[in-house]
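Have a look at the structure below before the remarks.
Derivation of every value follows stated rules applied to the coordinates shown; laboratory data play no part. Computed from a predicted model, the values in this text were never measured in an experiment. Don't worry about glycine lacking a Cβ; one is built from the backbone with ideal geometry, like all the others, and counts go over all protein chains shown.
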Amino acid sequence: MQPAERQLHALVVGGTGMLRGLSLALAEEGHMVSVVARTPSRLKSLTDEAKDFSGAINPLPLDYRDGTRLLKALRQAVERFGPFGLAVCWIHSTAPEALRQVAGFIADTSESCRLFHVRGSAAAHPLTGSRRPPGWTASYPNIPYRQVILGFVIEGGRSRWLTHAEISGGVLDAVRNDRLFSIVGTVEPWSLRP
């Protein structure tokens, strides 16, 4: 399938683990999905699973903490499949500049691209968490910022973390409904956080 036939070029950072289902759903809907992940075997498994879909997976095997390699891979993906129209990024705190690097690159290469920032439950901590968008998002008016916080589930008075399927489903719902702010599961009461 040629790039012009694709509905959208999407970027998923961290798309082989808990966002695997999201990556596959986007490819099944006909999108070209460039997926950044560290483990080549997990990327191959993802690519193989999507081989009969109307869209496809473009594997980008790298550690996003390496900003130079990340930007080079994004540039190659855009040269091959066109600008990103959607970005879903699950980036750990070990790479504090990676999200801004992704946003800056996309702002320079796309007319408009929705950026879904997937965050852990700590972002909802009542004393130390911050649900506000990073200040730099105002610098990129063509990159509408969306936030998805991953919470937990309470069942029978006990709590547990979300499954990968619940995470992918919740993030996909936020993307499909273009929610500015979403919580997958719950973050209250905080005292029941696993």
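Dipole magnitude of region 1-96 about its Cα centre, charges +1 at Lys/Arg Cβ and -1 at Asp/Glu Cβ only, in debye to the nearest 20?
360 debye
In the P(r) worked out for region 76-187, what percent of Cα pairs fall beyond 19 Å?
49 percent
Could you give the nm distance between label points at Arg80 and Glu111, where each point is 7 Å from its Cα heading toward the beta carbon?
Roughly 2.5 nm, to one decimal.
How big is the Kirkwood radius of region 69-142, worked out from every pair of different alpha carbons and given in Å to one decimal?
13.4 Å
Taking just the C-alpha trace of region 18-117, give me its Rg and Dmax in Å.
When restricted to the Cα atoms of region 18-117, Rg and Dmax are 12.8, 36 Å.
Given Cβ point charges of +1 (Lys, Arg) and -1 (Asp, Glu) and nothing else, what value in debye, to the nearest 20, does the dipole of the chain about its Cα centre take?
Rounded to the nearest 20 debye, it is 500 debye.
Loop-only check: which trypsin sites (Lys or Arg not before Pro) in region 1-79 are DSSP coil with at most 15 other Cβ within 10 angstrom?
Sparse-neighbourhood loop trypsin sites (Lys or Arg not before Pro): Arg38, Lys51, Arg65.
Where does each of 117-126, 25-34 land if you order them by average Cβ count within 10 Å, highest first?
The packing order, highest mean first, is 25-34, 117-126.
Over the chain, how many percent of alpha carbon pairs lie in each 5 Å bin up to the one with the longest distance?
1, 8, 16, 20, 21, 16, 9, 5, 2, 1, 0
Zone of Leu192 (label point 7 Å along Cα→Cβ, backbone N under 15 Å): which residues in region 143-174?
Counting backbone N atoms under 15 Å from the label point, the list is 151-162.
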